[in-house]
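Below: one structure in structure tokens.
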């Protein structure tokens, strides 16, 4: 015999129709609250890369050797791509087809390198397949072992890369140099017929008037700025870029004089064959190549081998950066001035100028609505410029060689253009055809 | 005729035209001028239609949000929209003309484009409430509500929009707007007269001298209306 069905109950059934305000409020109050971020949530440090991939300089192996069969190799990364790194990267430098990343940690591994390594600019990278050989191309950030006396105490402060050599600055063990030394750019005697590939040689430089606080690589020369405000140079000098009063190569870091003798230099810059230095009083000095009007404000000669003061009347200068053919400075007021040759950032009509011209601040986002925006830092690659604002925005302009501007388009950019980066850009390093940026997440 | 739409849940400046004013409305539309809104938001919940009267989707914590974090997100929104502004304006970026316009801030899309925010800033911030001022083009009020929702997501929380109020539509501001109590013939006539010059100047500046021949007709309309 079947049981009679249980009496239909209306007790638990709800009446149909739109819910009343009270019902809505009660339902809302009963809903669970999700926490995605607590009060102590920290902003994360990230590294973004973009530009030409095939040299391995971006550090993403799958761009060059896809990990899945159907993927194609990527020749150019046109927009910022996040690079996973183990440590917080405090300094980055882009060379000609290679990159160095460093962290100021006290851990044993402080510097990583990727990209071209034919001159051992990334040190000796032992091949897994044949342990007697070294890699010519390094596709992902690989540790560079440094011959430190106190590896668990010494910190790496800064790195710099040139055409085929690298400089690594430490806090109390001087400067380490690696890579090509055909012109003495590594600060050691030139050895005839030396083979630079698969070399284990890392040279250490300690003999300066005081502690070195900044290292800069030009194309084939090196500049060292010391705490006392002096500048030393070594390497190729045919354009006078060593500033030592001659056009020969120098294989030992030697102090510069000329107009910077006795001057407290607080910043030095170079990337091609021209060099700029800024003093604590806001003056700017230049030497080296002037074929592109970089130093035409003081001389008609195309090479200047002694530092000369550039008498610009644009206000006190805070920072300077040198590219291959163009130069850029940032004044204390936050204005940006450019001069030289190429795409300077004031439209296609301005191709060359010997005197600095200001880039209107409105191009960096300044307006009546946003009057507090200022450019905080300026950087130069070989044929492109970058500017960082105090709001953490990155603007780029110049030749878009192999997508190095990161705008997502392949065209050259004739005036400052925002690069969309998911985060606040803290610093950027510009190379020939790629860029690396250090970013804080929101 | 009426100017750009204002949906049911929003309030603020709403432009109407009578007689010849309709032609002027079309011309003003072709100028693609920005509109300004004050948008109120509330952190802590997300709803299906992004407003505070919608169906609750999720509640989240918001005590980690600071004004500084909010302003950082606003800076990003402004940046990406600035790019969109330049890209939809159909100007060849490689010309000197493009550079000149970019410097003056005059590049803006003169045709159809997706909604673009030209400026955004935080007016008030008192957790969980906040108020933004948004300058935009080609927008809908629902788009603005969606922006509030997305700001909530970016800040790792959620937000709903409590108020959308248009405070400026092209050349017309709140001061030009007539209150309910002023909807009578005399006030309307005065308002038309007061705005005449502003409208004429803006149309001429942006579209050129095409409209000059049409304005005397408008005076005739007004004379008619006065009678």
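For chain A, take the longest principal axis of its alpha carbons; what is the angle in degrees between that and the long axis of helix A:21-30, to the nearest 10 within 0 to 90?
60
Can you run the Rg to Rh ratio on segment B:10-197? Use alpha carbon positions and the Kirkwood inverse-distance Rh.
Dividing the radius of gyration by the Kirkwood radius yields 1.03.
Further, regarding this structure: Hey, what number do you get for chain A at 222 nm if only DSSP H runs of n ≥ 4 count, each worth -39500 (n - 2.57), divided across all residues, to the nearest 500? Each step should come with its number before you reach the end.
Details: 2 runs with 14 residues, N = 442.
It lands at -1000 deg cm²/dmol.
Shifting gears a bit: Within segment A:362-377, list the residues whose amide N lies under 17 Å from a label point set 7 Å along Cα→Cβ of residue B:71.
It comes to A:365-376, nothing else.
Rounding to the nearest 10 and keeping the result within 0 to 90°, find how far the Cα-based axis of helix B:67-88 lies from the longest principal axis of chain B.
The angle comes out near 50 degrees.
Tell me, what is the FRET efficiency for residue A:42 and residue A:264 to the nearest 0.05, using R0 = 41 angstrom and their Cβ-Cβ distance as r? Walk me through the numbers on the way to the answer.
On the way: r = 37 Å, r/R0 = 0.91.
Efficiency computed from Cβ-Cβ geometry: 0.65.
Pick from A:110, A:228, A:44: which residue has the top mean-square fluctuation in a GNM of chain A where Cα pairs under 10 Å get a spring?
For chain A, modelled as a Gaussian network with Cα springs under 10 Å, the answer is A:44.
So what's the gap between the Cα centers of segment B:49-64 and segment A:381-442, to the nearest angstrom?
Cα centres, segment B:49-64 to segment A:381-442: 37 Å.
Related question: Take residue B:122 and residue A:410, extend 7 Å from each Cα along the Cα→Cβ direction, and tell me the distance between the two endpoints in nm.
4.2
As an exercise, find the ratio Rg/Rh for the protein assembly as shown from alpha-carbon atoms, using the Kirkwood inverse-distance average for Rh.
Working: Rg = 31.1 Å, Rh = 28.6 Å.
Dividing the radius of gyration by the Kirkwood radius yields 1.09.
Another question, if that's okay. Hey, got the average number of other protein chain Cβ atoms within 10 angstrom for residues in A:32-43? Before the final figure, lay out each step's value.
On the way: counts 3, 7, 7, 7, 9, 10, 4, 5, 1, 3, 0, 2.
Per-residue shielding by partner chains comes out at 5.
So how far apart, in nm, are the two label points at residue A:255 and residue A:132 if each is 7 Å from Cα heading toward Cβ?
4.8
Something else now. Quick check on chain B: helices-only [θ] at 222 nm, where DSSP H runs of length 4 and up contribute -39,500 (n - 2.57) each and the sum goes over total residues. Nearest 500, please. Before the final figure, lay out the partial values.
Values: 6 runs with 91 residues, N = 227.
It lands at -13000 deg cm²/dmol.
Next question, about the same structure. Between residue A:298 and residue B:2, what FRET efficiency follows from the Cβ-Cβ distance if R0 is 45 Å, with the result rounded to 0.05?
It comes out at approximately 0.10.
Right, next: Go through A:123-130, B:99-106 and give me the packing order, highest mean Cβ count within 10 Å leading. List each step's numbers first, then the result.
Details: A:123-130: 14.4, B:99-106: 16.6.
In descending order of packing, they fall as B:99-106, A:123-130.
Roughly how tilted is helix B:141-154, in degrees to the nearest 10 and between 0 and 90, from the longest Cα axis of chain B?
Tilt of helix B:141-154: around 20 degrees.
If you don't mind, there's one more thing I want to ask. Would you tell me the mean number of C-beta atoms belonging to other protein chains that fall within 10 Å of each C-beta in B:115-128, as a whole number?
On the way: counts 0, 0, 0, 2, 4, 1, 2, 0, 0, 0, 0, 0, 0, 0.
That average works out to 1.
A follow-up question, please. Take peptide A:426-435, look around each residue's Cβ out to 10 angstrom, count Cβ atoms belonging to other protein chains, and average those counts.
Mean partner shielding for this stretch: 0.
Work out the FRET efficiency for residue B:193 and residue A:313 from their Cβ-Cβ distance, taking R0 = 35 Å, and round it to the nearest 0.05.
Working: r = 52 Å, r/R0 = 1.50.
The formula returns an efficiency of 0.10 here.
At residue A:191 and residue B:202, where each label point lies 7 Å from the Cα along Cα→Cβ, what is the point-to-point distance in nanometres?
That separation, rounded to one decimal, is 7.6 nm.
Out of all DSSP beta bridges with both ends in the protein assembly as shown, state the antiparallel percent to the nearest 5. Working shown, then result.
On the way: 134 of 139 bridges.
Counting only bridges with both partners in the protein assembly as shown, antiparallel ones make up about 95 percent.
Run the numbers for residue A:372 and residue A:105: contour at 0.36 nm per residue of separation, minus the present Cα-Cα distance, in nm.
Extra length available between residue A:372 and residue A:105 comes to 92.7 nm.
Could you tell me the distance between the Cα centroids of segment A:85-144 and segment A:184-208, to the nearest Å?
Between the Cα centres of segment A:85-144 and segment A:184-208 lies a distance of 18 Å.
With a 10 Å cut-off between alpha carbons and a GNM built on chain A, which of A:95, A:258, A:162 moves the most?
Among A:95, A:258, A:162, the largest GNM mean-square fluctuation belongs to A:258.
Computed from the coordinates by the stated procedures, all read-outs in this text should not be read as laboratory data. Model, not experiment: these values are computed from the prediction. All Cβ positions, glycine included, derive from the backbone under ideal geometry; neighbour counts span all protein chains shown.
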